[in-house]
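The values are calculated or read from the model by the stated rules, or taken from the named source; none is laboratory data. Values in this document were obtained by computation on a predicted structure and should not be read as measured data. Please note: Cβ atoms are built from the backbone with ideal geometry, for glycine as well, and neighbour counts cover all protein chains shown. Accessible surface is based on the protein model in full, side chains and every heavy atom, while ligands, DNA and RNA are left aside. Shrake-Rupley method; radii C 1.70, N 1.55, O 1.52, S 1.80 Å.
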Amino acid sequence: MTMDLKQLFEVVGERISLDEALDFSDRTLFGTQPFVTPVQVTGEIANQAGVVVLSMQLSYTMHLTCDRCLDEFERAFSCSWEHLLVAEPLTDDSDTENIEVPDGLLNLDELVWADILLNLPSKLLCREDCKGLCPQCGQNRNHGSCSCTEKTVDPRWAALDELLK
Ligand SMILES: [Zn+2]
Ligand SMILES: [Zn+2]
């Protein structure tokens with residue numbers, strides 16, 4: 001979805017409220033299409049004394065696969081973002097993360113998509129204390145224990161192993 005912000009850039013005090021539902025059902029992440037419901041975007045874009053600031057809250061649900069036990073699960077995410085929008089690239093301070101909006105046209109989908117990617121957890125777990133799979137038989141330990149016994153090593157053999165390394 002492209003938003004025309006030309007007027008907003010020109011008129012100090014002007015604001016636009018955001019209340020969108022973006023369809024990301026065809027976006028691929030981790031080899032699947034995880035967005036089961038639209039991504040809700042609320043917030044506003046405001047020209048505050050000539051500075052255009054976009055502040056928004058995102059909420060969305062993803063259908064994911066657990067990194068540890070490979071079970072599928074759904075999780076709701078929410079996050080808030082604030083971006084400074086600039087009509088032209090600023091050459092003097094390249095360190096700030098301004099969003100360039102050439103011709104006053106903002107591609108909201110791409111901005112939201114980038115923010116969702118930034119908000120991804122480094123590990124996707126079905127639950128904080130996921131027990132994972134048994135390394136020997138592959139049993140999902142969240143669903144029950146298996147009959148494999150943990151390999152215990154006699155300390156004397158361990159010492160010998162050390163010597164043989
Ligand atoms: Zn898991
Ligand atoms: Zn097992």
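Of note:
- Residues of the stretch 34-70 satisfying the condition of being small (G, A, S) and either surrounded by 20 or more Cβ atoms within 10 Å (Cβ to Cβ) or part of a loop (DSSP other than H, G, I, E, B) (or both): A49, G50
- Options A87, A76: the member that is away from ligand 1 (no atom under 16 Å from the Cβ), under 18 Å from F30 (Cα atoms) and assigned by TED's automatic domain parsing to the domain that holds L22: A76
- Condition check for F73 on (1) part of a loop (DSSP other than H, G, I, E, B); (2) closer than 25 Å to G132 by Cβ; (3) open to solvent by less than 50 Å² (accessible area, probe 1.4 Å): one failure, at (1).
- Qualifying residue in the stretch 106-114 (condition: open to solvent by 40 Å² or more (accessible area, probe 1.4 Å) and assigned to a loop (DSSP other than H, G, I, E, B)): no
- For the stretch 38-55, a tally of residues being within 15 Å of the chain's Cα centre (by Cα) and free of Cβ contacts under 8 Å to residues at least 40 places away in the same chain returns 2.
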